[in-house]
Amino acid sequence: MRMVGLLPRRPGVIAVLMVSTVATPMTGWAQTVPPTAPADGGWTTEVTAYGWLSAVKGEIGLRDLPQVDIDNSALDALEDVEAAFMATIAAQRGDWLFIGDASWSRTSDDFAVGRQVGVITFTHEQLIGSAVVGRRLPVAPPEIQMFATVGLRYQRFQGEVGVDPESGSIQFRAEGTQDWIDPTVGFVVRHDFDRRWYYSVIADVGGFGAASDLTAQIVTQVGYRFNRSTSLTFGYRNVFTNYGHDDILYHVAQGGLVTGLSRRF
């Protein structure tokens, strides 16, 4: 884990707490849009389990404590993960598209900072939930699906940090929690090259001062269908969030490879 720019006037405790809020390689929603809806107008539903290996870069601040600049590679973040669960359900009927997503991860780490601070340990849990509804736009040929979307994204961060000094017997424990909901607008595009291969783009922007000042996301994926019910996707996802309320600064960009295994019903 790499931290840059921590000011020396306070111990590095809060720096670790702040890093823990973003140092997880698999978060957010990496949706897979379901294949073209059946001709009879019924529902098409697709469930996807996915993972996201992301680098993290940005600035974090908490109340009157020093701001921390973060620059973690994807491998740095991967080392800290204890457990993670991520899944998406997408359903389409006619011209309507519905997407729900949930992701949870838990990270922990410990490292020595110096004799005056000692060993710092932390645990962090992150929960993100999203709900999106889209309407198909009649602006493309049948093999290309294009949807305009609106939705909500909920984010919750909870961290606990402890300090065990080498130079004394005084120990320190602290925890913090913050959550918020952002509205989003965006689009989804999917192009079926043939019966096996397809390409999708998911993009949105939100916040608008309701919670975050700005949040934005783009996901590009290439998918391969093994059969009518199972497919595999590979791609890239980038998420940016600029949140600054209640004496908390969260100005972070996350980007990296994403992969998913889908089952269609």
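Points to keep in mind about this one:
- 12 Å beta-carbon shell around Leu214, net charge (K/R +1, D/E -1): -3
- Rounded to the nearest whole Hz, the Karplus-based 3J(HN,Hα) values (6.51 cos²θ - 1.76 cosθ + 1.60, θ = phi - 60°) of the range 230-242 follow the sequence 10, 8, 10, 10, 9, x, 9, 10, 9, 10, 10, 9, 10, with x at glycine and proline.
- Cβ-based exposure ranking for Ile144, Ile89, in which fewest neighbours within 10 Å come first: Ile144, Ile89
- Given their separation in residues at 0.36 nm each and the Cα-Cα distance between them, Asp71 and Glu143 gain 21.8 nm when the chain is fully extended.
- Theoretical gain in end-to-end length, Leu257 to Ala87 [0.36 nm per residue, Cα-Cα removed]: 59.6 nm
- Computed from backbone phi with θ = phi - 60° and the Karplus coefficients 6.51, -1.76 and 1.60, the 3J(HN,Hα) list for the range 192-205 is 8, 5, 7, 5, 9, 9, 8, 9, 9, 10, 10, 9, 7, 9 Hz; x is used for glycine and proline.
- Nearest-0.05 FRET efficiency for Trp96 and Asp246, computed from C-beta distance (R0 35 Å): 0.45
- Contour minus Cα-Cα distance for Ala131 and Gln178 (0.36 nm per residue): 14.9 nm
- Each residue of the range 244-251 was assigned a 3J(HN,Hα) from its phi angle through the Karplus expression (A = 6.51, B = -1.76, C = 1.60, θ = phi - 60°), giving x, 9, 6, 6, 10, 10, 9, 10 Hz with x at Gly and Pro.
- Protection proxy ranking, peptides 206-214, 51-59, average beta carbon neighbours within 10 Å, highest first: 51-59, 206-214
A short reminder: the numbers here are calculations on the coordinates, not readings from a lab. These numbers come from a predicted model, not from an experiment. Neighbour counts run over all protein chains shown; Cβ positions are idealised from the backbone, glycine included.
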